[in-house]
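> Have a look at this one before I ask anything.
The values are calculated or read from the model by the stated rules, or taken from the named source; none is laboratory data. These numbers come from a predicted model, not from an experiment. All Cβ positions, glycine included, derive from the backbone under ideal geometry; neighbour counts span all protein chains shown.
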Amino acid sequence: MTPAAAIRSGRRTSHRKSAPKVAQSKLKIRDLRKTYGPVVALAGAGLDLSEGEFLTLLGPSGSGKTTMLMMIAGLTQPDSGEVWIDGKLATYAPAHRRDIGMVFQNYALFPHLTVFENIAFPLRMRRLPEADIAREVGRVLDVVRLPGVGDRLPRALSGGQQQRIALARCIVYRPSIVLMDEPLGALDKKLRDQMELEIKRLHQELGITVLYVTHDQEEAMIMSDRICLMNDARIEQIGSPADLYFRPLTVFAADFLGESNLFNALVEGETGAEIALRGPAGALIRVARDPERPAARGRPVKVMVRPEMLTLLADGALADNVLDARLTQVILVGGVTKYYARLADGTLVSATALTRGPVAGVTPDSPIRLGWSKASGVILAGAERPR
Ligand SMILES: Nc1ncnc2c1ncn2[C@@H]1O[C@H](COP(=O)(O)OP(=O)(O)OP(=O)(O)O)[C@@H](O)[C@H]1O
Ligand SMILES: [Mg+2]
């Protein structure tokens, strides 16, 4: 048995077999709210995590991510709302009764204790026999791929290795939910890339439920089953990485994840399966109709088109949507080339294409035509939040 499989098989599989129930959430929060004097840190958030899910709280600094995590862990008391763990109300349960593990940004290892003793700590707190402790510590050191460092002090390890020990200490007592608050924030880019994959592997092999926090959109996209986007103490949107990228609901969501063109437009009408809008520089914009995004005639909206969905059209080529523009800049980034252009009214447009060799035939200020399909435009509800 692999170390990971051994840990998995040791997990409490519960009594559910004899009493089958409707699948319940592993973790559920309802209308959770926290204020600090006049500051609203979290303004009534609701969330459901299923068993084995990897969900990431993504959002700018101060949007309430840590506040939510601390209330779930039982380290901060909410003003109101509920926290449910494994179907039990746990809003005011003490932290040590919650079966939750936490990993923070700065390792938080005890500097004067060896790696072995650091990892053994939560097991000693739980009064496990010495022989069991030795076995379990050895096992998690294998899981995080650091066998043989048990005798070292934390300072004799690299940053990435210390973070793996922090992870080992968190999973050694088999918590059913692991909360991680920017665990890779202190690491350099290369180490972070490695650790992202490492944590993903651990999540898959151990089958743990993870609630992860980051303000790095790429990290969130790479690691998560679902992303919960936070903005100003509220949940902006919850969905799969693809949902958030291709179907953002708001300007904030479109802006926070990836690059986007956001065209001001006015709804002119619906014809069958498409919506017609008047866009910048008087251009006609056609967007495939989406029943979830009603667009009333005369209403000002934003139409989002990702730069990679725009193509430079050859002379005479057709597309659902065409913009006449003047090229302002061509930037070879490496694998992709970015084109920046201006419409007649000054609106800036960006298009990204895979690099197919040195760019020929396009010089700054030359007229170009940019096209995209009506399926790749998304109507957003201006700057307001759909409720
Ligand atoms: N103990 C506290 N006392 C007063 N205000 C607080 C306290 N903790 C958090 N806040 C405020 O609550 C808001 C949310 O903070 P929180 O730490 O949850 O943000 P965050 O999303 O984790 O940000 P970051 O990405 O910077 O870690 C912020 O405006 C913050 O200043
Ligand atoms: Mg934080």
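> Taking the criterion of being assigned to a helix (DSSP H, G or I), touching a residue at least 40 places away in the same chain (Cβ under 8 Å), away from ligand 1 (no atom under 16 Å from the Cβ) and at negative phi, would at least one residue in the range 188-199 satisfy it?
Yes, the conditions are met somewhere in the range 188-199.
> Continuing with this model, one more query. Would you please name the residue that is surrounded by the most Cβ atoms within 10 Å (Cβ to Cβ), looking only at residues in the range 51-80 that are more than 12 Å from ligand 1 (Cβ to nearest atom) and over 28 Å from residue 204 (Cβ atoms)?
Top of the filtered list is 78.
> Quick check: is even one residue across the range 356-363 surrounded by 20 or more Cβ atoms within 10 Å (Cβ to Cβ) and either in a strand (DSSP E or B) or among the β-branched types (Val, Ile, Thr) (or both)?
Taking every residue of the range 356-363 in turn, none turns out to be surrounded by 20 or more Cβ atoms within 10 Å (Cβ to Cβ) and either in a strand (DSSP E or B) or among the β-branched types (Val, Ile, Thr) (or both).
> So, of the residues in the range 304-321 that are of a type in the set (A, V, I, L, M) and at pLDDT 95 or above, which turns out to be farthest from the chain's Cα centre (by Cα)?
310
> While we're here: Could you check the range 213-236 and list, in sequence order, the residues that are free of Cβ contacts under 8 Å to residues at least 40 places away in the same chain and away from ligand 1 (no atom under 16 Å from the Cβ)?
Within the range 213-236, 221, 222 meet the criteria.
> Now, a different point. Tell me, yes or no, whether the range 30-40 has at least one residue that is surrounded by fewer than 20 Cβ atoms within 10 Å (Cβ to Cβ), of a type in the set (A, V, I, L, M) and within 30 Å of residue 255 (Cβ to Cβ).
Checked the range 30-40: at least one residue is surrounded by fewer than 20 Cβ atoms within 10 Å (Cβ to Cβ), of a type in the set (A, V, I, L, M) and within 30 Å of residue 255 (Cβ to Cβ).
> May I ask you to verify whether residue 110 is over 25 Å from residue 213 (Cβ atoms), surrounded by fewer than 19 Cβ atoms within 10 Å (Cβ to Cβ) and among the hydrophobic types (A, V, I, L, M, F, W, C)?
no
> Check residue 230 against each of (1) of a type in the set (A, V, I, L, M, F, W, C); (2) surrounded by fewer than 19 Cβ atoms within 10 Å (Cβ to Cβ); (3) not in a loop (DSSP other than H, G, I, E, B) and name the one condition it does not meet.
The single condition residue 230 does not satisfy is (2).
Condition check ((1) closer than 25 Å to residue 201 by Cβ; (2) at pLDDT 95 or above; (3) touching a Leu at 6+ places or on another chain (Cβ under 8 Å); (4) within 16 Å of ligand 2 (Cβ to nearest atom)) across all residues:
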site	(1), (2), (3), (4)
8	yes, no, yes, no
13	yes, no, no, no
18	no, no, no, no
24	no, no, no, no
31	no, yes, no, no
36	no, yes, no, yes
39	no, yes, no, yes
44	no, no, yes, no
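Yes or no, residue by residue, for (1) at pLDDT 90 or above; (2) not aliphatic (A, V, I, L, M):
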position	(1), (2)
74	yes, yes
78	yes, yes
81	yes, yes
92	yes, yes
99	no, yes
103	no, no
112	yes, yes
116	yes, yes
143	no, no
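> With 314, 295 as the choices, which residue is touching a residue at least 12 places away in the same chain (Cβ under 8 Å) and either surrounded by 19 or more Cβ atoms within 10 Å (Cβ to Cβ) or out of contact with any helix residue (DSSP H, G or I) (no Cβ under 6 Å at 6 or more places or on another chain) (or both)?
So the residue among 314, 295 that is touching a residue at least 12 places away in the same chain (Cβ under 8 Å) and either surrounded by 19 or more Cβ atoms within 10 Å (Cβ to Cβ) or out of contact with any helix residue (DSSP H, G or I) (no Cβ under 6 Å at 6 or more places or on another chain) (or both) is 295.
> I've got another one for you. Can you tell me how many residues in the range 58-69 are of a type in the set (A, V, I, L, M) and within 9 Å of ligand 2 (Cβ to nearest atom)?
Count: 1.
> Of the residues 128, 109, 113, which is more than 30 Å from residue 30 (Cα to Cα), touching a Pro at 6+ places or on another chain (Cβ under 6 Å) and assigned to a loop (DSSP other than H, G, I, E, B)?
109
> Would you confirm, using the coordinates I've provided, whether residue 104 is among the aromatic types (Phe, Trp, Tyr), on the phi < 0 side of the Ramachandran plot and within 16 Å of ligand 1 (Cβ to nearest atom)?
For residue 104, the condition - among the aromatic types (Phe, Trp, Tyr), on the phi < 0 side of the Ramachandran plot and within 16 Å of ligand 1 (Cβ to nearest atom) - is met.
> Quick check: is even one residue across the range 155-171 buried (at least 16 other Cβ atoms within 10 Å of the Cβ), farther than 30 Å from residue 217 by Cβ and not polar (S, T, N, Q)?
no
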